[in-house]
Number of protein chains: 4
Amino acid sequence: MGKRIALLTSGGDAPGMNAAIRAVVLAAHKFDCEVIGFIHGFNGLMLNEFQSLSIASVTNIIHQGGTILKSARCKEMHLPSGIIKATETLTKHQIDALIVIGGDGSFTGMLALSNTWKGQLIGIPGTIDNDVDGTDFTIGFSTAINTAIRAIDKIRDTANAFDRVFIVELMGRHSGHITFNVGIACAAEQVISFENFNSDEEEATLAQLTDGIEQSAKIKHSSHLIVIAENLWPGGAQKLAEQLTQRSGVDCTLCTLGYIQRGGSPVAKDRILATKMGVSAVQAVIDNQHLVMTAELNNTMNLVPLNIAILHKKRVNPALVDAQANILALTAQTEN
Amino acid sequence: MGKRIALLTSGGDAPGMNAAIRAVVLAAHKFDCEVIGFIHGFNGLMLNEFQSLSIASVTNIIHQGGTILKSARCKEMHLPSGIIKATETLTKHQIDALIVIGGDGSFTGMLALSNTWKGQLIGIPGTIDNDVDGTDFTIGFSTAINTAIRAIDKIRDTANAFDRVFIVELMGRHSGHITFNVGIACAAEQVISFENFNSDEEEATLAQLTDGIEQSAKIKHSSHLIVIAENLWPGGAQKLAEQLTQRSGVDCTLCTLGYIQRGGSPVAKDRILATKMGVSAVQAVIDNQHLVMTAELNNTMNLVPLNIAILHKKRVNPALVDAQANILALTAQTEN
Amino acid sequence: MGKRIALLTSGGDAPGMNAAIRAVVLAAHKFDCEVIGFIHGFNGLMLNEFQSLSIASVTNIIHQGGTILKSARCKEMHLPSGIIKATETLTKHQIDALIVIGGDGSFTGMLALSNTWKGQLIGIPGTIDNDVDGTDFTIGFSTAINTAIRAIDKIRDTANAFDRVFIVELMGRHSGHITFNVGIACAAEQVISFENFNSDEEEATLAQLTDGIEQSAKIKHSSHLIVIAENLWPGGAQKLAEQLTQRSGVDCTLCTLGYIQRGGSPVAKDRILATKMGVSAVQAVIDNQHLVMTAELNNTMNLVPLNIAILHKKRVNPALVDAQANILALTAQTEN
Amino acid sequence: MGKRIALLTSGGDAPGMNAAIRAVVLAAHKFDCEVIGFIHGFNGLMLNEFQSLSIASVTNIIHQGGTILKSARCKEMHLPSGIIKATETLTKHQIDALIVIGGDGSFTGMLALSNTWKGQLIGIPGTIDNDVDGTDFTIGFSTAINTAIRAIDKIRDTANAFDRVFIVELMGRHSGHITFNVGIACAAEQVISFENFNSDEEEATLAQLTDGIEQSAKIKHSSHLIVIAENLWPGGAQKLAEQLTQRSGVDCTLCTLGYIQRGGSPVAKDRILATKMGVSAVQAVIDNQHLVMTAELNNTMNLVPLNIAILHKKRVNPALVDAQANILALTAQTEN
């Protein structure tokens, strides 16, 4: 008989988490391991809320958004009392290894847990933000940017029909992976994110954005899209919309895509990535790995130490930022 | 040689407007009529901005959102000076008939124009709001509700993953066609719209909504969606979210779908409806009809007088409102 | 305590069947009725395969394709022995009313059953073919035509890139509801279905189709789509492709959309229609109706006698056939 | 004044080609270069069919499938006479560099052309098959696999409703990139492609496939999907369906996805990849590169020699093939 594996999803849900759950269960089965799923993230460890995960329970979930194990933010995991409860629950269930699908916040909880619980701890990066260092992609990111561009394609229809200015606010917490990739993929005239904006440059940025809008307005029949990261603009994106409306004299309308970016059936990339990572995580359990995260580096599966993964946020490729600024934001020079 | 037809799209853009433009041009061609498209709605008449519409110019547009003729709100059409300019432009181009694709605001402009311009005036109802009386459906409505339910399906994924409450604000200006149909189609636990809410019932509605949230919370593992019409709640939907959060003690998050509801490739219903209405409008021109709107009544094409169409907003079917309230909003009684 | 209702889905699956199941269960609950679902259509009655349907079991299924009750063709229901088994099973479970979601084949089985079983029999029309008489729409039809047009929009991309001829074969068994609606909605250059083709006109139709292809070829840069119903062309659609290739000297490629037309998350129309029909079916049970089918006529819920519904196939609106032939199939006259 | 660049799309169209065209034109504009687009691939060089590409002409195309420059297979490019015509046309237009978006067949034509024409030759890999060596991804591949999984998700609905076996044939010419990635992403029970099948193993494979179907049939309520590459099975996929039906005694239905895999609005990955490659190709022109192809290697833009790119087909990652065979094809061992 193989090892006993505990599995949970933690933090913001991300499309592909179910595909990862399925892969963990299938791979565990191959190695004669049993899998117990805890419900609502680390809260499931606090409350001993769980379900056994058979192959039947992961049938027909690879394409479903959300997570069948539910998720939650768990404040108690930041307290010594929470770590003790988690340790007790894992011990009671005679767990050999805990696999956590989540973001860097969840991995911090795992490091804390490693002080008291002596089983193996394996992380799988699942977050739409793609801000986990050590892996090229996190589960959910590809679906989120596709959801965003499909939504913005629709907004572009109206923008074109009215030669109108829209500001679209995107998720990403404090990094611009979503914003930059979406901005390029939807041909946004301007992109503003943490990578190319500091709050002390508000005035300069306002001038530059206004200039872009005015250049667009000079061209007959043209829309103008500004894509902006959430949590970025001093006073909020609605304030930016008002500032730009006032300065440019053109109606600038804010659209906040919000929670539609989190859900939905995962795209192929996220299903495949999640499947590979789930298999890789179980392999890591078999190989007696500990405190590592599954990672895709240069299209190859890898394991990276958890403490490296949470050291700092992964940066957006500077070449992408440059290309957007220098090659693709062409409005100002267009004259046809 | 047939008649000279002018065509424009006016008011908010709606998916299927391009399909209607195509159908007008194809049908006109069959009857040897020429079609001139004016750009940016009635503004095209103010500024004499136009393009000739050949069959080639409407190839491969049936599936495109927005409108190739662009749209706009035109304030000048509410002034005598605007009516005079429009009359002059139509006269200069020797137009026999003007076909306008738009909502009731646009039709009001046509009535005003009928006092000074003596050509035929034919309306095609195109608005996502479906609030034009005299026709069962307006062009764009079916696409808008489908866009909304696909977005809300994604939000439901996160709501389920977190057993969370979301309030989703939908378009519709001042009628609940979108809100009620979307609410039913996405299995919303509660629906609030003009049809079942008066602002003097704020307190009672708050109590009822809070009760629904609390009943849901009693059931383990369950999400809760409240769908609300825009322009409805005193102080705005964000205020409602705060009120419900405070009363229920549960985090109630607002999602505003906004402009994604306007654009996108039209669904089959809107393409077919637009095609039938475009053909019907040209047939009306040939038949010397005047001041009529194309309408689908009981799945059959019809013409209704324009002044009837704008007399009052079309009501949502009361049976739908009742069913939602009495059969489908089951949360409170669920006890499985 | 209310009645005991049995529920099953039969025949080809159709998107929206789950929405109907949900509505039946919710409405039954409102009237204090219990619902038992039989699995795999009438086979569930043969084998006494069933599950109790609580509100929890229909949560989060409104948007899912397929049917949670599974379906099947059941040959035994055409034999006296099958009717007896079904009667025994329904009697054993003390069922008051049986609701069947399916097509006319399923309804024929119900009529046979009415000779031996004395409970109420209520039909809900669910089939993508829309060929059930007595109702304007069947559950699943709207989704099927939308799936088809999205697929054909993609084929059009390649057709346009290569100025190429594609023949697209669509489902519909022996009626052209899907073919005509899809043909119009995807701007097919030519549509062939039961309504405008007899097998003794093969030669004339070949000449006409070839003529259309040649006219298109004369226009620079243009694609050509022919949409055809399954089970129509003598020798099959692949033979038509070869005949047209030989006659026109142009490569004519067949695409068979096949089973993708059956599945998928239902569009809003099907979710709402299914919800209304499910509620209406339970209301019919309460009202002691028998041998009736729920129907949408002129946007209003109705009940029609089951024997009327199966008397003959519903016809495609002749106006649609005429419009396609006379107004929309414009290739031959295009000269820009 | 910068260089004069010629641009064409060649071979099978792929989603994202328009995004690449746009990026070439935007980047060329930045470097003061002019771009002339030749129509219908190399045929445009044969017939001197072209259009000038301004920024306006590439506005609002990033999200469109197909190619605005049209494509074609050009037999004449394989003849000395064709190479001479191409040389003459490029010389007449005083072209400094020719950028070709296409697959390895197109690149072979470029190598031939390099003998007579002395301008720069730059390739951009655009094909849904992803079989071009030297780059991790080709433009169009990501969209094609997403289109396929969305279609198969729908087929799975029916397969589940009927506990049925479907065989789905996928594109890919002679490599299994599409088949393996789609097979994993749609949780296919079995995957057969060039990488795991030789025609002399027909008997063994049939036995293995039949075994899989029978194992699935033993499990109550389960569907079974076999994904197969086109051009693989001796006698064709329809023959395989018949062989499996006969051996297993279960109905095995073939679905051929066909041309829907080629078209459609590109996913984010293809839009971004195409944008990066278009910018990179123009940069290569500026840098006086010759006979190179833009490539994405380990998420970084690169240039690789054209002759390397066409030396042999890129192989599917063997780890993926192994994982599918050993971990994910679990049917036989499932016993829930």
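The values are calculated or read from the model by the stated rules, or taken from the named source; none is laboratory data. Model, not experiment: these values are computed from the prediction. Here Cβ is always computed from backbone atoms with ideal geometry, including for glycine, and neighbour counts include all displayed protein chains. Ligands, DNA and RNA are excluded from the accessible area calculation, which covers all protein heavy atoms including side chains. Shrake-Rupley method; radii C 1.70, N 1.55, O 1.52, S 1.80 Å.
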Test: residue in segment B:60-78 that is under 29 Å from B:Asn146 (Cβ atoms) and either outside the structural domain of B:Ala274 (by TED's automatic domain parsing) or without any contact (Cβ under 8 Å) to a residue 12 or more places away in the chain (or both): yes
For segment A:283-305, what are the residues that are touching a strand residue (DSSP E or B) at 6+ places or on another chain (Cβ under 7 Å), more than 15 Å from A:Pro125 (Cβ to Cβ) and hydrophobic (A, V, I, L, M, F, W, C)? A:Val285
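Looking only at residues in segment A:226-241 that are outside any strand (DSSP E or B) and in contact with a strand residue (DSSP E or B) (Cβ under 8 Å, 6 or more places away or on another chain), which one is nearest to the other protein chains (Cβ to nearest Cβ)? Don't jump to the end; show me each part of the working.
Applying the first criterion (outside any strand (DSSP E or B)) to segment A:226-241 yields A:230-241.
Cutting the leftovers down to in contact with a strand residue (DSSP E or B) (Cβ under 8 Å, 6 or more places away or on another chain) gives us A:230, A:232-233, A:237-238, A:240-241.
Working: A:Glu230: 13, A:Leu232: 19, A:Trp233: 18, A:Ala237: 12, A:Gln238: 10, A:Leu240: 16, A:Ala241: 12 Å.
Only one residue tops the list, namely A:Gln238.
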Check segment D:270-279 and report whether any residue there is in the same structural domain as D:Thr127 (by TED's automatic domain parsing), at pLDDT 95 or above, hydroxyl-bearing (Ser, Thr, Tyr) and within 24 Å of D:Asp13 (Cα to Cα). yes
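Residues checked against (1) in a helix (DSSP H, G or I); (2) in contact with a strand residue (DSSP E or B) (Cβ under 8 Å, 6 or more places away or on another chain); (3) within 14 Å of chain D (Cβ to nearest Cβ); (4) open to solvent by less than 10 Å² (accessible area, probe 1.4 Å):
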{"site": "C:Ile124", "(1), (2), (3), (4)": "no, yes, no, yes"}
{"site": "C:Asp136", "(1), (2), (3), (4)": "no, yes, no, no"}
{"site": "C:Asn146", "(1), (2), (3), (4)": "yes, no, yes, no"}
{"site": "C:Arg156", "(1), (2), (3), (4)": "yes, yes, yes, no"}
All-but-one check, A:Asn299 against (1) out of contact with any helix residue (DSSP H, G or I) (no Cβ under 9 Å at 6 or more places or on another chain); (2) closer than 29 Å to B:Ile260 by Cα, failing number (2)
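Being open to solvent by 10 Å² or more (accessible area, probe 1.4 Å), of a type in the set (Gly, Ala, Ser) and either more than 24 Å from C:Leu254 (Cα to Cα) or outside any loop (DSSP other than H, G, I, E, B) (or both) narrows it down to one residue among D:Ser280, D:Ser265; which is it? Quick ask: steps written out before the conclusion?
Values: D:Ser265 fails: either more than 24 Å from C:Leu254 (Cα to Cα) or outside any loop (DSSP other than H, G, I, E, B) (or both).
After applying the criteria, what remains is D:Ser280.
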Tally time: how many residues in segment C:281-312 are under 30 Å from B:Ala23 (Cα atoms) and charged (D, E, K, R)? 1
In segment C:189-196, is there at least one residue being polar (S, T, N, Q), in contact with a strand residue (DSSP E or B) (Cβ under 7 Å, 6 or more places away or on another chain) and either surrounded by 20 or more Cβ atoms within 10 Å (Cβ to Cβ) or more than 14 Å from chain B (Cβ to nearest Cβ) (or both)? yes
Let me confirm something: among D:Ile286, D:Ile310, D:Ile260, which residue is more than 26 Å from D:Ala217 (Cα to Cα) and within 14 Å of chain C (Cβ to nearest Cβ)? D:Ile260
In segment A:237-271, what residues are without any contact (Cβ under 8 Å) to a residue 24 or more places away in the chain and within 18 Å of B:Ala161 (Cβ to Cβ)? A:Tyr259
Please indicate, with yes or no, whether at least one residue in segment B:319-329 is outside any helix (DSSP H, G or I), touching a residue at least 40 places away in the same chain (Cβ under 8 Å), within 14 Å of chain A (Cβ to nearest Cβ) and open to solvent by 10 Å² or more (accessible area, probe 1.4 Å). no
Applying the selection to segment B:134-178, what residues are over 15 Å from the mean Cα position of the chain (by Cα) and basic (Lys, Arg)? B:Arg150, B:Lys154, B:Arg156, B:Arg164
State whether the residues of segment B:211-219 include one that is in a loop (DSSP other than H, G, I, E, B), open to solvent by less than 40 Å² (accessible area, probe 1.4 Å) and not β-branched (Val, Ile, Thr). no
Considering only segment A:6-96, give the helices (runs of 4 or more DSSP H) lying wholly within it that have at least 2 residues that are within 12 Å of another protein chain (Cβ to nearest Cβ), in contact with a Pro (Cβ under 9 Å, 6 or more places away or on another chain) and of a type outside the set (Lys, Arg). A:17-30
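Kindly establish whether C:Val304 is of a type in the set (A, V, I, L, M, F, W, C), out of contact with any helix residue (DSSP H, G or I) (no Cβ under 9 Å at 6 or more places or on another chain) and not in a helix (DSSP H, G or I).
The answer is yes for C:Val304.
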Please verify whether segment C:243-250 includes one or more residues that are outside any strand (DSSP E or B), open to solvent by 30 Å² or more (accessible area, probe 1.4 Å) and modelled with pLDDT under 95. yes
Limited to segment D:283-309, what total is found for residues that are acidic (Asp, Glu) and open to solvent by 60 Å² or more (accessible area, probe 1.4 Å)? 1
Could you list, in sequence order, the residues of segment B:162-177 that are modelled with pLDDT of 95 or more and within 10 Å of another protein chain (Cβ to nearest Cβ)? B:Phe166, B:Val168
Can you tell me which residue in segment C:1-43 is nearest to B:Cys186 (Cα to Cα), limited to those that are touching a Cys at 6+ places or on another chain (Cβ under 9 Å) and not hydrophobic (A, V, I, L, M, F, W, C)? C:Ser10
